[in-house]
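Here the structure comes first, spelled out in structure tokens, and everything after it is commentary.
The values are calculated or read from the model by the stated rules, or taken from the named source; none is laboratory data. A quick note: this is a predicted structure, and the numbers were derived from the prediction, not measured. With ideal geometry, Cβ positions are generated from the backbone for all residues, glycine too; neighbour counts draw on all protein chains shown. For accessibility, only protein heavy atoms count, side chains too; no ligands or nucleic acids. Shrake-Rupley method; radii C 1.70, N 1.55, O 1.52, S 1.80 Å.
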2 protein chains.
Amino acid sequence: MSPRTFSSTISEEALKNLQDLLGDRFLVTEEEIHPYAFDASSLCFFPPAVALPETKEEVLEILRLADKYNFPITPRGSGTATTGSALPIGGGLVVSFTRMNRILEINSEERTAVVEPGVLNGDLKRELKKYNLFYPPDPASYTFSTIGGNVATGAGGPRGLKYGTTKDYVLSLLVGLPGGQTLRTGPGTLKGVVPYNITPLFVGSEGTLGVFLEIQLKLLPLPEKRALFLIYFPEELSALKLGSEILLQGITPACAEFVDKTSILVIKERLDAKTSSIEGLLFLEFDGTKEEVEKVRVKIREILGSKELFFQEAEEELEIEKLWEIRRVISPSLRTLGSKKISDDVVIPRRGSLEFIKFLRNLEKETGVLIAAYGHAGDGNFHVNLIFDEEHEKVALQVREAILRKVLDLAGTLSGEHGVGFTKRSFVVWELNDFQLEIMRKIKALFDPKGLLNPNIKLP
Amino acid sequence: MSPRTFSSTISEEALKNLQDLLGDRFLVTEEEIHPYAFDASSLCFFPPAVALPETKEEVLEILRLADKYNFPITPRGSGTATTGSALPIGGGLVVSFTRMNRILEINSEERTAVVEPGVLNGDLKRELKKYNLFYPPDPASYTFSTIGGNVATGAGGPRGLKYGTTKDYVLSLLVGLPGGQTLRTGPGTLKGVVPYNITPLFVGSEGTLGVFLEIQLKLLPLPEKRALFLIYFPEELSALKLGSEILLQGITPACAEFVDKTSILVIKERLDAKTSSIEGLLFLEFDGTKEEVEKVRVKIREILGSKELFFQEAEEELEIEKLWEIRRVISPSLRTLGSKKISDDVVIPRRGSLEFIKFLRNLEKETGVLIAAYGHAGDGNFHVNLIFDEEHEKVALQVREAILRKVLDLAGTLSGEHGVGFTKRSFVVWELNDFQLEIMRKIKALFDPKGLLNPNIKLP
């Protein structure tokens, strides 16, 4: 599929129809539209109009109009995407799902929930707690990102190590397609093999295959107990090595988060005072029954003692969240180190992690571009951030390319949870061969033959 | 796609090419072919020829020839499918993968393995134990069914309750397509959202979308400890109720297997002597750390004590397997109750289970057809068996239809783990609407445009 050009405006007749359908929930003035021109990337694309549907019937009517008047649609949740995938890069209508935010069902016996796409991940988690139920995926944005957006990007988070990512919790979807057709993607039972399993096609599809009207999620019982270790290392690679060592002993932390020496620069003040020359951190969270967590704590303390490592420990909810706060501020704080930042969220098979970090440090030395690489060490998903000033942009872009090449050399992948969006689109051809791309394009055409859904996103 | 007719023979030229390629691993005599005319259904279809490739290059050459000479292919593992999906119902070549049975890699650090499709599930489990690793899916056939067949059917098993089914453990596939093209379905890292997630399309595709050349699996650490309860109930529904009660308390057994009163008829002699009027059984297995399992055992004993239920308990591997044997003999033993048997493996959402069993008992009373409904109560996946004599076949078929209708009324699905194959093909239209079927047919055409792979299977 060659890049498609759309008129950046929607026809007068279509605009009128949308206005009639949505009334004051159809936005066209610059002031109203302004918030929808941005996501968490550094891109800016103003849509000609924004729709705020409240029911699936309204969404289906919008999809009918899109097909009839041939205008593109960009579905959007809270706009926390880091890649431009929530922006109307191909022109056309932004459809914001923030007003479709009802939890439609929580079924304790089946351990499932059905939600509208605009429900916030954090709101769902809080509501489920009342039922002693648990929805594990925890992107850093979880208090303000929507389940629909999480499904669209296939969001992960620290808990991915033990619990997997969004894809492991979407049981079925009610999808709306251009033209207004609906498609239920699976039987909605816990097991089922009658149709082809198409639900996972939509998880991580970045709004390019369909829009979500209802999302059925699989849930787990809430773990009884959590405990968090924050471990300090005088040398950064030792933090990664310890993570691997623990996994090889058959222990599976809920989270194993690595903080590299560059990232430590921006959180130094939040760390324990006793720690002067720290080059690496490892956050290890454990959860489960009280007995299980107590047992693993004893084991971890033993390991840390034998290595004479300094660590902090937390077991109360508030204490735990306070320690995690240190990890969460890294991404925004890195901007204090330079005026420009490029972020990627590459994945390396665990055994390549050490080589990867060494490679980054050499690159840093050679080029002078500051490189932070923190994140989900447990599953090899590193958030690599290049920080530089305006005048070094050219060399920074070269550094980025060298890193992405290295990731692929190490049998990794270019994105673990953020997706491709617009910002990584040109690199997809490095990872996928022609035949893989052809299959992707055919799948796209199968659900969206006119290419109206989020054009210019994900597919090169 | 209307049913397609293939010449039941392969052209002389194609046969010669296959013979040249495979030598004595190309079977054409009736005696040699006989074992490949059957699977675990009651169907029989003789293929004109059988191929026993040993390498992926040979498989790809077979796929090239199939495309060139237009003959269908039925991929096959050990032939334990219960639905005819391993039989050459559309004519053409059976390709048996039993000689491609190498474990290509076990990666302890990443907790992954790469296997050829013909590796037996039980052999892989045994090998992984040496590394303290665990591949959970456990279909009843696991000691003699292949991983390739497990992936093709999306096999489940008792452990599905806690651990999910095959789909939750297939990380990526190397697939061969008609014409000899290969497709790697995913990046092979633990996380990754660059391509559309097409791997799950193939899990449960019953040989209709592609053949598996290599299968990459996600593994878990081997649980430290197991413990099994076999609980006796004077009334069958109480067994189901207890299962639900335990799940609602936030306890997740590894397995929760229900045995109904009809099934008890064939295993009575294996049960504990003290139990005269037993109408229901519940197998509850727990696994995890020693502490975790001990804690849950105390809790379960307490619950059982308060209900004054009789139970047996096992904690040593051999004892546990001996108790499970009682569950495993049900399926073959049911044949002693009547000359004919029809089996389905329907799924009911948990809250509909009681109503479903009551419905079956009424139907039994009304029609005289004996109904056994045992299985994976935890996830609502019941093995429903109708047992009858030749002269009651007509009424038995009516009973079957009534049951399948009831399953769909209860928002269930017609198959949880066995698949559609040939035997349930005509019922698929009851579950899926025209648009869902259209999407399935388009997905089929995307990978297999000529319809050469397992024709007349799965899709109506």
Residue within the range B:167-175 that is in a loop (DSSP other than H, G, I, E, B), touching a His at 6+ places or on another chain (Cβ under 8 Å) and open to solvent by 10 Å² or more (accessible area, probe 1.4 Å) present
no
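Considering the range A:431-447 alone, what residues qualify as being at the interface with chain B (Cβ under 7 Å from one of its Cβ atoms) and open to solvent by less than 60 Å² (accessible area, probe 1.4 Å)?
A:E431, A:L432, A:F435, A:Q436, A:I439, A:M440, A:I443, A:L446
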Kindly indicate the residue of the range B:251-270 that is open to solvent by 30 Å² or more (accessible area, probe 1.4 Å) and part of a helix (DSSP H, G or I) and also nearest to the other protein chains (Cβ to nearest Cβ) among those meeting that condition.
B:K261
If we take the range A:283-333, then helices (runs of 4 or more DSSP H) inside it with 3 or more residues that are of a type in the set (K, R) are A:290-306, A:317-328
Give the range B:272-296 a look and list any residue that's under 28 Å from the mean Cα position of the chain (by Cα) and more than 27 Å from B:P136 (Cα to Cα), or say none.
B:E279
Here are some residues: A:L217, A:L190, A:L230. Which one is within 13 Å of chain B (Cβ to nearest Cβ) and either in a loop (DSSP other than H, G, I, E, B) or touching a strand residue (DSSP E or B) at 6+ places or on another chain (Cβ under 7 Å) (or both)?
A:L190
State yes or no: is B:I106 touching a Pro at 6+ places or on another chain (Cβ under 8 Å) and not small (G, A, S)?
no
Name the single residue, out of those in the range B:107-156 being polar (S, T, N, Q) and surrounded by fewer than 22 Cβ atoms within 10 Å (Cβ to Cβ), that is nearest to B:P332 (Cα to Cα).
B:T143
Exactly one of B:T185, B:T189 is of a type outside the set (A, V, I, L, M, F, W, C), within 25 Å of the chain's Cα centre (by Cα) and either buried (at least 19 other Cβ atoms within 10 Å of the Cβ) or not assigned by TED's automatic domain parsing to the domain that holds B:R301 (or both), and that residue is B:T185
Under the condition of being without any contact (Cβ under 8 Å) to a residue 40 or more places away in the chain and more than 17 Å from A:D272 (Cβ to Cβ), which residue from the range A:306-317 is least open to solvent (accessible area, probe 1.4 Å)?
A:S306
Of the residues in the range A:130-162, how many are in contact (Cβ under 8 Å) with a residue 24 or more places away in the chain, more than 24 Å from A:F283 (Cα to Cα) and not in a strand (DSSP E or B)?
8
Can you name the residue in the range A:414-449 that is acidic (D, E) and within 18 Å of B:K442 (Cβ to Cβ) and, of all such residues, is farthest from the chain's Cα centre (by Cα)?
A:E438
How many residues of the range B:404-425 are within 7 Å of another protein chain (Cβ to nearest Cβ), under 10 Å from B:I457 (Cβ atoms) and among the hydrophobic types (A, V, I, L, M, F, W, C)? The answer is 1
Only one residue in A:L209, A:L201, A:L242, A:L248 is within 11 Å of chain B (Cβ to nearest Cβ), over 22 Å from A:E319 (Cα atoms), of a type in the set (A, V, I, L, M) and more than 21 Å from the chain's Cα centre (by Cα). Which one?
A:L248
Subset of the range B:70-89 [under 9 Å from B:P47 (Cα atoms) and either open to solvent by 10 Å² or more (accessible area, probe 1.4 Å) or without any contact (Cβ under 8 Å) to a residue 12 or more places away in the chain (or both)]
B:I89
